[in-house]
Amino acid sequence: MDKDLEDKITQQVLSETKVESILNKEDGSLPFGYCKVVVDGHEKTLVWMCNHDAKGNITSVFSCEANGVKEKKCDYITMKEALFIREELLGDGWQKMKTPEVTFSYAGDEDKTLNRKQKRALAKRLKKMNKQNPFDK
């Protein structure tokens, strides 16, 4: 396969792929994830995560990590309470947690074209990423 055709196929596969963060969606649905770094003598990282658990209950988890020690507080809450907590945290300067950036690469020279096996692996990864969020109902 020539390089131009391969580039067109790769671009088509990538252009049809939509990768969305599962945290803090635009529609305001769960899961939520927010964090704040506090410095009062020493640095603390505060994190709040909220989502449905395996039984369908909405679980709120606050965690704090300071000097290598991590503490957690877990509670079952309602959706109304979750939205209230989120608004209060945002008002206090908490930031949305960022999900890791996804990149694709393959071993070898950069000028080397993808072989059939690598193309299949790339297409399989992209298909897997396009699946619905398992937390959506």
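The values are calculated or read from the model by the stated rules, or taken from the named source; none is laboratory data. These figures come from a predicted structure and were not determined experimentally. Using ideal geometry, Cβ is built from the backbone for each residue, glycine included, and neighbour counts are taken over all protein chains shown.
Just to be sure I understand, how many residues within the range 33-60 are closer than 19 Å to LEU89 by Cβ and not in a strand (DSSP E or B)?
1
For (1) part of a strand (DSSP E or B); (2) within 17 Å of the chain's Cα centre (by Cα); (3) at pLDDT 95 or above; (4) among the aromatic types (Phe, Trp, Tyr), each residue gets a yes or a no:
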| position | (1), (2), (3), (4) |
| --- | --- |
| GLU88 | no, no, yes, no |
| LYS98 | no, yes, no, no |
| PHE104 | no, yes, no, yes |
| GLY108 | no, no, no, no |
| ALA123 | no, no, no, no |
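Looking at ASP53, ASP75 in this structure, which one is at pLDDT 95 or above, of a type in the set (D, E, K, R) and touching a strand residue (DSSP E or B) at 6+ places or on another chain (Cβ under 7 Å)?
Only one candidate qualifies: ASP75.
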